[in-house]
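Asker: My structure is below; once you've seen it, I'll send some questions.
The values are calculated or read from the model by the stated rules, or taken from the named source; none is laboratory data. Fair warning: this is a prediction, and the values are worked out from it, not measured in the lab. We place every Cβ from the backbone using ideal geometry, glycine too, and count neighbours over all the protein chains shown. Surface accessibility is based on the protein's heavy atoms, side chains included, excluding ligands, DNA and RNA. Shrake-Rupley method; radii C 1.70, N 1.55, O 1.52, S 1.80 Å.
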Amino acid sequence: HFAELFNAANPKSEQDKALVAGYWFQFVQGQDSFKSQQLQAELKHLGHEISNITTALSGNIGTKPARALQLAKSGASKQARKTYKLTLEGKSVVDSMIAGEA
């Protein structure tokens with residue numbers, strides 16, 4: 001269950017919470033990619049809603065090496081639905097959180 005993964009990883013920042021939620025969809029559920037609204041919905045169910053999911057994911061995209069990638073954007077507005085994917089670096093960071101190394 002997502003709650004168990006979230007508890008094991010114990011993310012502190014919104015950026016890390018978004019990373020853990022992306023990990024759940026991509027590596028546990030087996031999805032090729034995920035939408036930001038999916039992450040926000042799962043986090044909200046646990047009481048860990050992120051103030052701005054796009055900003056949290058952008059923070060992961062901006063790291064060197066990048067922890068996530070934006071694959072697509074549907075719609076022209078700033079609030080357009082975006083599709084993301086974690087990189088191997090992003091997976092490694094969450095694996096380290098779960099192992100208690102972060």
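Asker: Do you know which residues across the stretch 72-91 are at pLDDT 95 or above and not small (Gly, Ala, Ser)?
Answerer: Within the stretch 72-91, the subset at pLDDT 95 or above is 84-91.
Within the stretch 72-91, Tyr84, Lys85, Leu86, Thr87, Leu88, Glu89, Lys91 qualify.
Asker: Another question, if that's okay. All but one of (1) closer than 23 Å to Glu4 by Cβ; (2) in contact (Cβ under 8 Å) with a residue 40 or more places away in the chain hold for Thr55, so report the exception by its number.
Answerer: Among (1) closer than 23 Å to Glu4 by Cβ; (2) in contact (Cβ under 8 Å) with a residue 40 or more places away in the chain, the lone unmet condition for Thr55 is (1).
Asker: How many residues, within the stretch 37-73, are surrounded by 14 or more Cβ atoms within 10 Å (Cβ to Cβ) and of a type in the set (D, E, K, R)?
Answerer: So the count comes out to 3.
Asker: Also: Could you tell me how many of the residues in the stretch 74-88 are free of Cβ contacts under 8 Å to residues at least 40 places away in the same chain and open to solvent by less than 70 Å² (accessible area, probe 1.4 Å)?
Answerer: Qualifying residue count for the region: 5.
Asker: Assuming Leu5 fulfils every condition listed in (1) open to solvent by 50 Å² or more (accessible area, probe 1.4 Å); (2) in contact with a helix residue (DSSP H, G or I) (Cβ under 7 Å, 6 or more places away or on another chain) apart from one, which condition is it?
Answerer: The failed condition is (1).
Asker: Consider Val28 carefully, then state whether it is open to solvent by less than 30 Å² (accessible area, probe 1.4 Å) and within 24 Å of Asn7 (Cβ to Cβ). Walk me through it before giving the result.
Answerer: Numbers: open to solvent by less than 30 Å² (accessible area, probe 1.4 Å): no; within 24 Å of Asn7 (Cβ to Cβ): yes.
No: the conditions fail for Val28.
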